[in-house]
Each structure stands twice: as C-alpha cells, then as structure tokens.
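Notes to accompany the following structure.
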Amino acid sequence: MLIENTSTKRFIRESLPLLSSYFYSEQVQLEPSIVEAGQELSEEYERFAHVLRLRHAIACAMELQPIVAAIEKGVSSENVVLRSESKGKIVGRLDVSLFINRRNNNFSWPRTFPILVTKAIPNTPENQLVSEKLREIVKSLEVGTMVDKSTERSYVVRLLQWGRSKLHSEPWTRAIPSRRGDRLRRETEYRIRKRQTGNEAAYRKFLSWCDQWQYDPVHADSIQNDILANLLLAFPSDDFFADRVFEIWCLWQLIESFRRCGAVTISGPRSLSKQSSDPVCEMDYRGFSFDIWFQRSL
C-alpha cells in the first residue's frame, strides 16, 4: 500500500499542470471533444473530476480544523463605541449631547442616562476571512453528500457537521464578510505584520492554509506541489482514483516527451476543466504541426 501511495503521489506531482485545472470549474469533462478516431467519454471521467475536487476540499478541511481551534483560543477583536442606557446612576461614559437634548423629557424613575460603552467585537478583517473560507469549505463539501458510499463520503459527513456548527457559533456568527476576499487577505496580512491580531502565529498558519486551498499552478513551486500531492492523499483512496491519476500522468508525459524531442508548443496545454472542441495541446516539430487529444482508446 505504501508503494502504491508513493507512486500515486509521484503521478499527481508530475501531472499537476493538468490535474490542477480541475479545481477551477464545477462543470468538468476530461475529454474536450468527440473525434472520429475515438469514442464518447463515459461518466467515470466526470466522476473522477468530482472526486478530485472533493478530496482536495476534504483534505483542506481536515487541516483547517486545528487552525480554527488555535485561532479561537485568542480571537482578535476591535473596539467599537455603542450607545446604551444606564438607570439610576451613570455606569460608563455619559453621552453628553444626547443627555442635553432629552433632559427636559426624561421623567422616568429611577432616572435613565444615555451612555457610551466601548465593546470588543470579533468582526476584524482576519475573522471575516476565516468566516468566508469556512463558508467556501462547507459549500464544496455539500456536493460530496451526493456521492455513493465511499471513503470520501464518510469524511464529508463528519467535516460538514463540524463546518456548519462553526458557522453557527461564536465568534463566526458575528464575523460577517463585508469586503472582497482579496482585500480581506491584504488587510489580514497587514494586521499580522503590524502584530495587531494578538494571535499572529495562528492567523499566519491560516494564511498558509489559504494558499493550499486556492492552489495556483502557475506560481506554485516544488514545495507547494508536494504539499498539494500530500493533501490529495491525506486519507485512503480506491483504485478508481489512482487509475484516473495515472491516465492523466500518461497524457502529461506524452506532451513532455515531444518537448524533449524538440517539439514546440503552439497552444496549450488547455485546462481539462473546460469543455471545448479544441485539442489539449497543439505542437510543432520542424514545421510539422500536430494535435494531442485526450480520449478513450479505440
């Protein structure tokens, strides 16, 4: 089993330029078109694309659990001034302007005083970002409830219960995202750099987690590729998953083999998550142009 996992990890890592394209679309079909030489693609390839994204979401959710727990031990907050009422005596800071405006109409007993109270609330940029990512994880996991009984489904049920409970508990019910995610990310980075969160270590781990959740193959390095491969194999997989990974690895190795022989890529490789009538890759070798398709065998 260890040897199989090691091989699958290698296949995942080396074919990431194609595999990672599945993370950016809900409508996925591996074979971009039907050509005369091949046959129509079966549902198993669509199922694989779904399982691949689901395994990524499951693994990321598993990693997010201890990070959220660490954040909750020292949740950041910001102070806001709220208006309130104090009966009988002034407890807090008197709201002078409001007190003067209504002093001639204040006939209650004991007398009420308008006061200003400073209260700490958790609606900071970093907590809003955590809340947003929790919602994204839950949304991605909800799709997994429709899969047949499998290793993935058992993890989905448990993680969904955790994610939903977090979104309905403090402090996340009060950390409502009010800005775009990219802006929240920049504000969070600034506050961590300025040590304004009071829990920099936990929030810094959360930002590293965001990079794994929003994997960018264009800017990823070898370390990030290894991390993603480990994420996808963070829990057991069946033969179906490993077989499909191997097929895509074969496709990528074919493209790389032509490149090593001196062929030049004209266009592609295109995202496998997009339905198209175009080939996966168009190449040229000493003036001879040819296409590479991904299709079932004859």
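Every number in this text was worked out from the coordinates using simple rules, so none of it is lab data. Note that this is a predicted model, so its numbers are computed, not measured. Cβ atoms come from the backbone with ideal geometry, glycine included; neighbour counts cover every protein chain shown.
Subtracting the Cα-Cα distance of Tyr190 and Glu247 from their residue separation scaled by 0.36 nm leaves 16.2 nm.
Listed by Cβ neighbour count within 10 Å, with the fewest neighbours leading, Thr188, Thr151 appear as Thr151, Thr188. With a threshold of 18 Å on the Cα-Cα distance, the over-threshold entries among Lys119/Lys205; Lys139/Lys166; Lys133/Lys166; Lys89/Lys119 are Lys119/Lys205; Lys89/Lys119.
The length gained by stretching the chain between Trp109 and Glu136 to full extension, at 0.36 nm per residue less their Cα-Cα distance, is 4.6 nm. Counting every other Cβ atom within 10 Å of each residue's Cβ, Trp249, Trp109, Trp162 order from fewest to most as Trp109, Trp162, Trp249.
Near the amide H of Ser86, within less than 5 Å, lie the amide hydrogens of Phe113, Ile115, all on another chain or at least 5 residues away, with H placed in the peptide plane. Can you compute the modelled spin-label distance between Met62 and Val143, with each label point 7 Å from Cα toward Cβ, in nm? For Met62 paired with Val143, the spin-label model returns 1.9 nm.
The label point for Asp284 and the one for Arg180, both projected 7 Å from the Cα toward the Cβ, are 3.7 nm apart. Between Thr6 and Ala201, the FRET efficiency from the beta-carbon distance, with R0 = 22 Å, is close to 0.10. Taking 7 Å steps out from each Cα toward its Cβ at Val157 and Asn79 produces label points 4.9 nm apart.
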